[in-house]
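Novice: Below is a structure I'd like to ask you about.
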Amino acid sequence: MYPDNTLTPREAIRLCALGTLAQMTPSQEDALPYDDLVSAVRNFVSRITGPSLELMGESIELLRYEGLVESYSAEGLNPTLKLTKTGRETLQILLNTNLR
């Protein structure tokens, strides 16, 4: 976050990814496939800033590595993802911050 407690562009993208999953995963049956999440985040970034490799470099795999997202089912190359408890807590923090 910036010193004035506002989101950086990268954190805004993280907010988009976690928010998209939170909208879709109140239960395990509503988990979201990996490709659908990537498409939703790419669509958001493209509409807000235009195509930017720097901003789209935020990997969904990084969210998995940090324990914010977990695989519900590992079906080949397109696993179904859901938020973890830590992911919901991080989402809540990001939702309470200010935007520039």
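The values are calculated or read from the model by the stated rules, or taken from the named source; none is laboratory data. Here the structure is a predicted model, which means the values were calculated and not measured. Cβ sites come from the backbone with ideal geometry, for glycine too, and all protein chains shown count toward neighbours. Surface accessibility is based on the protein's heavy atoms, side chains included, excluding ligands, DNA and RNA. Shrake-Rupley method; radii C 1.70, N 1.55, O 1.52, S 1.80 Å.
Novice: Can you find, within region 73-98, the residue that is modelled with the lowest pLDDT among those that are surrounded by fewer than 18 Cβ atoms within 10 Å (Cβ to Cβ) and assigned to a strand (DSSP E or B)?
Specialist: Residue satisfying both the conditions and the ranking: S73.
Yes/no matrix, rows are residues, columns are (1) closer than 22 Å to L99 by Cβ; (2) modelled with pLDDT of 80 or more; (3) in a helix (DSSP H, G or I); (4) not polar (S, T, N, Q):
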| site | (1), (2), (3), (4) |
| --- | --- |
| P3 | yes, no, no, yes |
| R14 | yes, yes, yes, yes |
| N43 | yes, yes, yes, no |
| S71 | no, yes, no, no |
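Novice: Can you name the condition, by its number, that D30 falls short on among (1) at pLDDT below 80; (2) open to solvent by 80 Å² or more (accessible area, probe 1.4 Å); (3) among the acidic types (D, E)?
Specialist: Single failed check for D30: (2).
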